[in-house]
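The values are calculated or read from the model by the stated rules, or taken from the named source; none is laboratory data. For clarity, every value in this text was computed on a predicted model and none was experimentally measured. No Cβ is skipped: glycine too gets one built from the backbone with ideal geometry, and neighbour counts run over all protein chains shown.
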Amino acid sequence: MPVKKWYMGTNTKMTKTIGETTDFIRRLCVLTGHIDRSGFELFVIPSYTTLEQANRHRDPALLTLGAQNMCWEPRGQFTGEISPLMLREVGCELVMIGHSERRHVFLETDEMACRKVRCALDYGFTVLLCVGETEEHKQAQQTDSVLARQLSLDLARVKPEETGRIWVAYEPVWAIGVQGKPVAPEYAGEKLSFIRKTLKERFGPGGEDIPVFYGGSVNPDNALALAEQPDINGLFVGRSAWDADAFSSLIQKVLAHRETT
C-alpha cells in the first residue's frame with residue numbers, strides 16, 4: 001500500500017552548539033509530545049558533535065535522530081570522517097546522504113553516495129537520500145534526467161526488500177539556503193511525481209512505499225500548498241524549523257490542514 005505516514009524534519013547544518021541543540025530537541029519533544037506518532041514521524045539531523053547529547057535529551061518515541069553524513073567504511077584511514085559504528089554508538093537511527101552541499105561544495109559523487117547508502121543499510125540505518133537539480137539544470141530542462149541519474153546510481157545497490165529503510169528528499173539546489181528561491185508548489189509536485197514514478201520503475205511495488213519529501217525554502221507561507229501535492233509524504237524544513245516553537249507551530253498547522261483536505 002502507498003505510504004500513509006506523514007513526516008516532518010530538519011537538518012540544522014552547522015548552526016547549533018551542543019547546548020543549543022539539546023535545548024531545541026527537548027523543547028520540540030515537549031511541544032509535539034501530544035501528537036499521535038502512529039501516523040506522524042518527526043526527525044532532526046544535527047551536527048556530529050551534538051549527537052550524543054541530543055540522543056540523551058530526546059524521547060526516542062517522539063523524535064528520530066539522524067546524522068548529516070557518513071563514511072562508507074566502518075574503520076580505516078579516513079581522516080575527518082565519521083563511521084557507521086560511531087554513529088550507532090551515539091544513538092543515530094537515520095543517515096542523510098547526498099545533500100546538495102555535500103555534492104556541490106564538497107564534490108561528492110554519485111559513486112560515493114551509492115557506497116554510503118549501501119554501508120548505511122548494512123549497519124541498520126534508515127537512509128535519507130537527497131536529490132535535486134541546479135538552476136542551470138532547470139533552465140536547460142534537464143531536471144528529470146538529473147533526478148533519474150541520481151536515483152539510479154545512488155540506489156543501485158539497494159535490494160527491493162530494503163525499500164522500507166529508504167527515504168528520498170527532493171531538494172532543488174536553487175531553492176536551498178539564504179539565497180534560495182521558493183518553488184512553485186505545482187513544480188514541486190510534478191518533480192515528486194516523477195521521483196515516485198522512477199522509484200516504482202526501479203523497485204516495483206516497493207517503490208510505492210518509499211516516503212518522498214520536499215525540502216527547499218519551506219516556510220509557513222508555502223507549507224500547506226506543498227503538503228497538498230499528491231505524491232508527497234513529508235516536508236524537510238530548513239531555517240524555518242530552527243526555532244522549536246516556530247517548528248512546532250508549523251507542524252501542527254500542516255497536520256491540521258491535512259486532516260481537513
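Scan 62, 51, 31 and give me the residue that is of a type outside the set (Phe, Trp, Tyr), touching a Cys at 6+ places or on another chain (Cβ under 9 Å) and outside any loop (DSSP other than H, G, I, E, B). Walk me through it before giving the result.
On the way: 62 fails: outside any loop (DSSP other than H, G, I, E, B); 31 fails: touching a Cys at 6+ places or on another chain (Cβ under 9 Å).
Just one listed residue meets the conditions, 51.
Between 51, 62, 94, 31, which is modelled with pLDDT of 95 or more, within 27 Å of residue 174 (Cα to Cα) and hydrophobic (A, V, I, L, M, F, W, C)?
Numbers: 51 fails: within 27 Å of residue 174 (Cα to Cα); 62 fails: within 27 Å of residue 174 (Cα to Cα); 31 fails: within 27 Å of residue 174 (Cα to Cα).
So the residue among 51, 62, 94, 31 that is modelled with pLDDT of 95 or more, within 27 Å of residue 174 (Cα to Cα) and hydrophobic (A, V, I, L, M, F, W, C) is 94.
A quick yes/no check of all residues on (1) surrounded by 21 or more Cβ atoms within 10 Å (Cβ to Cβ); (2) polar (S, T, N, Q):
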site: 191; (1), (2): yes, no
site: 196; (1), (2): yes, no
site: 206; (1), (2): no, no
site: 230; (1), (2): no, no
site: 239; (1), (2): no, no
site: 252; (1), (2): no, yes
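Please indicate, with yes or no, whether at least one residue in region 169-183 is farther than 25 Å from residue 45 by Cα and without any contact (Cβ under 8 Å) to a residue 40 or more places away in the chain. Before you say what the answer is, go through the steps one by one.
Taking region 169-183 as the starting set, the residues that turn out to be farther than 25 Å from residue 45 by Cα are none.
No, region 169-183 contains no residue that is farther than 25 Å from residue 45 by Cα and without any contact (Cβ under 8 Å) to a residue 40 or more places away in the chain.
In this structure, is residue 164 out of contact with any Lys or Arg (no Cβ under 9 Å at 6 or more places or on another chain) and either closer than 24 Å to residue 11 by Cα or modelled with pLDDT under 95 (or both)? Give the steps one after another, and end with the answer.
Numbers: out of contact with any Lys or Arg (no Cβ under 9 Å at 6 or more places or on another chain): yes; either closer than 24 Å to residue 11 by Cα or modelled with pLDDT under 95 (or both): yes.
Criteria met by residue 164.
Please verify whether region 243-256 includes one or more residues that are outside any helix (DSSP H, G or I) and either polar (S, T, N, Q) or at pLDDT 95 or above (or both). Give the steps one after another, and end with the answer.
Within region 243-256, the subset outside any helix (DSSP H, G or I) is 243.
Checking the rest, the ones that are also either polar (S, T, N, Q) or at pLDDT 95 or above (or both) come to 243.
Yes, region 243-256 contains at least one residue that is outside any helix (DSSP H, G or I) and either polar (S, T, N, Q) or at pLDDT 95 or above (or both).
Out of the residues in region 3-20 that are among the hydroxyl-bearing types (Ser, Thr, Tyr) and within 23 Å of residue 254 (Cβ to Cβ), which is surrounded by the fewest Cβ atoms within 10 Å (Cβ to Cβ)?
Taking region 3-20 as the starting set, the residues that turn out to be among the hydroxyl-bearing types (Ser, Thr, Tyr) are 7, 10, 12, 15, 17.
With the extra rule that they be within 23 Å of residue 254 (Cβ to Cβ), the set shrinks to 7, 10, 12, 15.
Working: 7: 21, 10: 24, 12: 21, 15: 12.
By that ranking, first place goes to 15.
Residues are listed down the side, and each one gets a yes or a no for (1) modelled with pLDDT of 95 or more; (2) part of a helix (DSSP H, G or I); (3) surrounded by fewer than 19 Cβ atoms within 10 Å (Cβ to Cβ):
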site: 82; (1), (2), (3): yes, no, yes
site: 85; (1), (2), (3): yes, yes, yes
site: 121; (1), (2), (3): yes, yes, no
site: 130; (1), (2), (3): yes, no, no
site: 157; (1), (2), (3): yes, no, yes
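Name the single residue that is surrounded by the most Cβ atoms within 10 Å (Cβ to Cβ) among those in region 42-64 being free of Cβ contacts under 8 Å to residues at least 40 places away in the same chain and either under 15 Å from residue 88 (Cβ atoms) or of a type in the set (Asp, Glu) (or both).
Just the residues of region 42-64 that are free of Cβ contacts under 8 Å to residues at least 40 places away in the same chain, to begin with: 44, 46-50, 52-63.
Now drop any that are not either under 15 Å from residue 88 (Cβ atoms) or of a type in the set (Asp, Glu) (or both), which leaves 48, 52, 54-55, 59-60.
Numbers: 48: 16, 52: 14, 54: 27, 55: 18, 59: 14, 60: 11.
For region 42-64, the residue satisfying everything is 54.
β-branched (Val, Ile, Thr) and closer than 26 Å to residue 90 by Cα: does that describe residue 198? Steps first, answer last, please.
Details: β-branched (Val, Ile, Thr): yes; closer than 26 Å to residue 90 by Cα: no.
Taking the combined requirement at face value, the residue does not satisfy it.
Out of 167, 174, which single residue is farther than 30 Å from residue 74 by Cα and either within 15 Å of the chain's Cα centre (by Cα) or not in a loop (DSSP other than H, G, I, E, B) (or both)? Before the answer, list the steps.
Details: 167 fails: farther than 30 Å from residue 74 by Cα.
Of the residues listed, the single one that is farther than 30 Å from residue 74 by Cα and either within 15 Å of the chain's Cα centre (by Cα) or not in a loop (DSSP other than H, G, I, E, B) (or both) is 174.
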